[in-house]
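Here's the structure, in structure tokens; my notes come after.
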Amino acid sequence: MSLKVLLVEDDREIRTLMQSVLTVEGFEVVTAVSLSEARSLFANTAPDVVVLDLGLPDGDGATLLRELRRQGSVPVVVVSARDNEEQKIGLLDAGADDYLVKPFSVGELLARMRVALRHRGVALAPAQTVYELDNVHIDLEQRAVRLDGRPLHLTPTEFALLARLVRSAGRVVTHRQLLADVWGAEFTEHTHYLRIYMGALRGKLEADPAEPRFLLTEPGVGYRLVAD
Ligand code: CA
């Protein structure tokens with residue numbers, strides 16, 4: 001079972017990037033763009049860890065941090081554009097597990113999240129990161145795909161889409177889930193993105209893209225990656 005992250009970030013570009021990387025890393029990601037949305041999603045989805053931006057359109061993320069601390073011990077990693085020692089100390093005192101100043105690398109965020117989760121006693125099972133589909137070798141950690149033993153170039157979006165499908169190998173993933181996880185929650189109506197990118201992926205991975213063996217269409221529902 002994957003861990004659930006509540007990602008609270010109003011900057012669309014940062015949110016979309018973090019969401020796709022966290023998804024590829026095996027987290028289930030729910031995103032909020034404001035304090036009020038974060039409050040209701042926290043109550044409804046019970047995340048395992050919260051990544052919290054401070055500057056939000058309807059208030060300061062620190063307000064939510066204090067509310068979460070009154071409720072329990074969910075790990076909270078604060079991300080902020082403000083680099084201010086005093087504020088950093090204040091947030092850590094208020095119960096933040098860690099504090100990252102933008103811009104930060106996603107690798108750094110993942111490392112801090114792992115530490116915060118471990119500290120709170122959440123065991124991170126090693127996620128499966130390598131998948132073999134007949135002549136296709138997918139390494140999620142290295143972000144590398146090989147076809148018949150040769151490196152295959154995928155764009156970041158193609159890779160994110162393939163990674164999302166391979167993590168649910170054998171199961172149908174709906175259009176809405178794919179669009180939300182790969183592009184972001186505001187793209188769930190853009191089903192034409194999926195047609196374009198699935199076409200590109202099939203062109204690169206399938207011997208006969210018109211008769212796919214791995215990347216199957218579930219008409220009207222979504223897609224399914226078949227692993228055998
Ligand atoms: Ca912000």
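The values are calculated or read from the model by the stated rules, or taken from the named source; none is laboratory data. Predicted model, so just to flag it, every value in this text is computed and none were measured. Counting neighbours? That spans all protein chains shown, and the Cβs are built from the backbone with ideal geometry, glycine included. Ligands, DNA and RNA are excluded from the accessible area calculation, which covers all protein heavy atoms including side chains. Shrake-Rupley method; radii C 1.70, N 1.55, O 1.52, S 1.80 Å.
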**Asked** Considering amide H positions built from the backbone, and no H for Pro or chain starts, which residues 5 or more places from Val29, or on another chain, come under 5 Å of its amide H?
**Response** Val5
**Message:** Restricted to Cα positions, what overall size does segment 103-228 have along the principal axes? Three whole-Å values, descending.
**Reply:** 49, 37, 28
**Long-range HN-HN contacts of Val49 with modeled amide H, under 5 Å** = Lys4, Leu6
**Message:** I need the phi-derived Karplus couplings for segment 4-20: 6.51 cos²θ - 1.76 cosθ + 1.60, θ = phi - 60°, integer Hz, Gly and Pro marked x.
**Reply:** 9, 10, 9, 9, 10, 7, 8, 7, 4, 5, 5, 4, 5, 5, 5, 4, 5
**Asked** For segment 66-97, list residues with backbone N below 20 Å from a point placed 7 Å from the Cα of Asp58 toward its Cβ?
**Response** 66-71, 79
**Message:** Let me see the P(r) profile for the chain: every Cα-Cα distance counted, bins of 5 Å, each bin given as a percent of all pairs.
**Reply:** 1, 6, 14, 18, 18, 14, 11, 8, 5, 3, 1, 0, 0
**Prompt:** Based on the Kirkwood radius over alpha-carbon pairs, what value in µm²/s does the Stokes-Einstein equation return for the translational diffusion coefficient of segment 69-162 at 25 °C and 0.890 mPa s?
**Reply:** 151 µm²/s
**Prompt:** Separation of segment 184-216 and segment 123-182 by C-alpha centroid, Å?
**Reply:** 13 Å
**Asked** Around Leu133, which amide H atoms from residues at least 5 apart in sequence, or from another chain, sit under 5 Å from its own amide H, with H modelled in the peptide plane?
**Response** Ile138
**Prompt:** Using the heavy atoms of the protein chains alone and a 1.4 angstrom probe, what is the accessible area of the chain per residue in square angstrom?
**Reply:** 50 Å²
**Complete:** Along segment 171-184, Karplus-curve 3J(HN,Hα) (6.51, -1.76, 1.60; θ = phi - 60°) to the nearest Hz, with x for Gly and Pro, reads 10, 6, 10, 6, 3, 4, 5, 5, 5, 5, 7, 8, 9, x
**Request:** Work out from phi, with θ = phi - 60° and the Karplus expression 6.51 cos²θ - 1.76 cosθ + 1.60, the ³J(HN,Hα) of each residue of segment 104-117, listed in order in whole Hz, and give x for Gly and Pro.
**Result:** 10, 7, 5, x, 5, 4, 4, 4, 5, 5, 4, 4, 4, 5
**Request:** Take the Cβ-Cβ distance between Val226 and Leu92 as r, set R0 to 45 Å, and report the resulting FRET efficiency rounded to the nearest 0.05.
**Result:** 0.45
**Item:** Two-site FRET efficiency, Glu85 against Asp11, from Cβ-Cβ distance with R₀ of 30 Å, rounded to 0.05
**Value:** 0.80
**Item:** Residue-level accessible surface for Met113, protein heavy atoms, 1.4 Å, Å²
**Value:** 0 Å²
**Asked** Which percent of the accessible area of segment 15-106 is formed by carbon and sulfur heavy atoms (probe 1.4 angstrom)?
**Response** 51 percent
**Message:** Among DSSP bridges having both ends in segment 1-109, what percentage is antiparallel? Round to the nearest 5.
**Reply:** 10 percent
**Asked** Taking a quarter of the surface of the convex hull around the Cα atoms of segment 163-228, what do you get in nm²?
**Response** 4.1 nm²
**Förster radius 30 Å - calculated FRET efficiency between His119 and Asp139 (Cβ-Cβ, nearest 0.05)** = 0.55
**Asked** Bin by bin, in steps of 5 Å, what percent of the Cα pairs in segment 4-118 do you find, going until the bin that has the longest distance?
**Response** 2, 12, 26, 28, 22, 9, 1
**Asked** When the chain is fully extended, how far beyond the present Cα-Cα distance does Asp208 get from Ala43, taking 0.36 nm per residue of separation?
**Response** 54.8 nm
**Request:** Using only protein heavy atoms and a 1.4 Å probe, report how much of Asp181 is accessible, in Å² to the nearest 10.
**Result:** 30 Å²
